[in-house]
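Please treat every number below as a calculation from the coordinates, not as lab data. Keep in mind it's a predicted model, so treat the numbers as computed, not measured. Please note: Cβ atoms are built from the backbone with ideal geometry, for glycine as well, and neighbour counts cover all protein chains shown.
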Amino acid sequence: MIYTCTLNPAIDLFIETDHLKPEVVNRTNSYDIQPNGKGVNVSFILKHLGVNNTAWGVGGGFTSNFIEESLRNKGIETDFTHIDGISRINVFTRVLDTDTEYKEVNNGPEVSADRVTEFLQKVATLTKDDKLVVSGSFSKGIQPEIIVEIAKMAEKQGFDLVIDTSYPEVVSAIEHHPYLIKPNDEELLSWFEQPVTDDINVLVKYSKELLKKGAQNILLSLGAKGALFVNAEHVLLGNAPKIKVVNTACSGDTMLGTFLAGLEQGMSLEDNLQRSLAAASSTAASAGLTDFSDVDELMKQIKITQLEG
């Protein structure tokens, strides 16, 4: 079974407005309310592609209730660890007259040590037949070192660990041989205290450094430039199709969920990366997660190249 884990789930409010002016009432054109959190999004994508999964999370209040109900309404099992606080609400505003996107992301509630222990007790039940996807930021009270603790548990218990979080503690977690790491280019370079660059050779070099440290597979998001997949046998580069960007908030989650689904479904790495890039771009071109209706068409714009290892 695949388990997704969202340690700081959210409700996302998406707004479209013609303009955004200070100290006046700005009337909006439209709004949409969606359950969110990186692991939550991965669960939705997996289920859409026919891959059953269970969504874990740490949340509380009416917002967590809405998130969990939304998951169950899609046929996704949930097993959240509940806290006394209220899970966060984030706001994403698209301003048409300046073609600008504003992102206002809140920290999230405080989580007690007892609830952290309760969550780790769930992780302790996983076996070699399971995958755990740990995605996104952590609520207050959940220290970044938890990713190292989970990685140690994965190594001991034999389950596959997938990590998509930007904390520098990921580098220490890699020593315990996680199955898949999904950073973006800036996160990767920051872990090695390197300046930002779009030089593919540099990005391949530091992806391979993660392999040397213990990671089994790297899925590296390059934003509008596409993605890299790197493991001991392959270095694959795929471009991103040309789209009109509406919202970039969930495109990385879409890529990861689609890629994990492809692994479960036995797709070739080339086809899997191509579909994952198309799905991520489809999400970026819409207000919410892709419905995959345009993915086949977007795939025609994507070329996957095998680079020299």
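Nearest 0.05, what FRET efficiency do GLN265 and ASP18 give at R0 = 35 Å with Cβ-Cβ as r?
E between GLN265 and ASP18, to the nearest 0.05, is 0.25.
Entry note, the range 196-297: relative contact order of 22 percent, from Cα contacts under 8 Å with a spacing of 6+ residues. So who's got an amide H within less than 5 Å of the one on ASP130, skipping anything under 5 residues away but keeping other chains? H placed 1.01 Å off N, in plane. Here ASP160 satisfy the definition. For the range 167-176, 3J(HN,Hα) computed residue by residue from phi via the Karplus equation (6.51, -1.76, 1.60; θ = phi - 60°) reads 4, x, 4, 4, 4, 5, 5, 4, 4, 9 Hz, glycine and proline entered as x.
Modelled spin labels at LEU120 and GLN194, positioned 7 Å past Cα toward Cβ, are 3.3 nm from each other. Just so you know, the Rg over Rh for the range 83-179 is 1.08, from Cα atoms, with Rh as the Kirkwood radius.
Summarising the amide proton neighbourhood of GLN143: residues at separation of 5 or more, or on other chains, whose placed amide H is nearer than 5 Å comprise an empty set.
Could you please state, rounded to a whole Å, how far the C-alpha centre of the range 214-267 is from the C-alpha centre of the range 36-64? That distance is 19 Å. For the range 1-142, the mean projected area of the C-alpha convex hull, equal to one quarter of the hull surface, is 9.8 nm². Site pair ALA224 and ILE33 shows an inter-label distance of 3.3 nm when each label is modelled 7 Å from Cα along Cα→Cβ. Computed from Cα atoms alone, the Kirkwood hydrodynamic radius reported for the chain is 19.8 Å.
Multiplying the residue separation of GLU209 and HIS177 by 0.36 nm and subtracting their alpha-carbon distance yields 10.2 nm. Shape descriptor for the range 1-59: Rg over Rh equals 1.19 (Cα atoms; Rh from the Kirkwood inverse mean 1/r).
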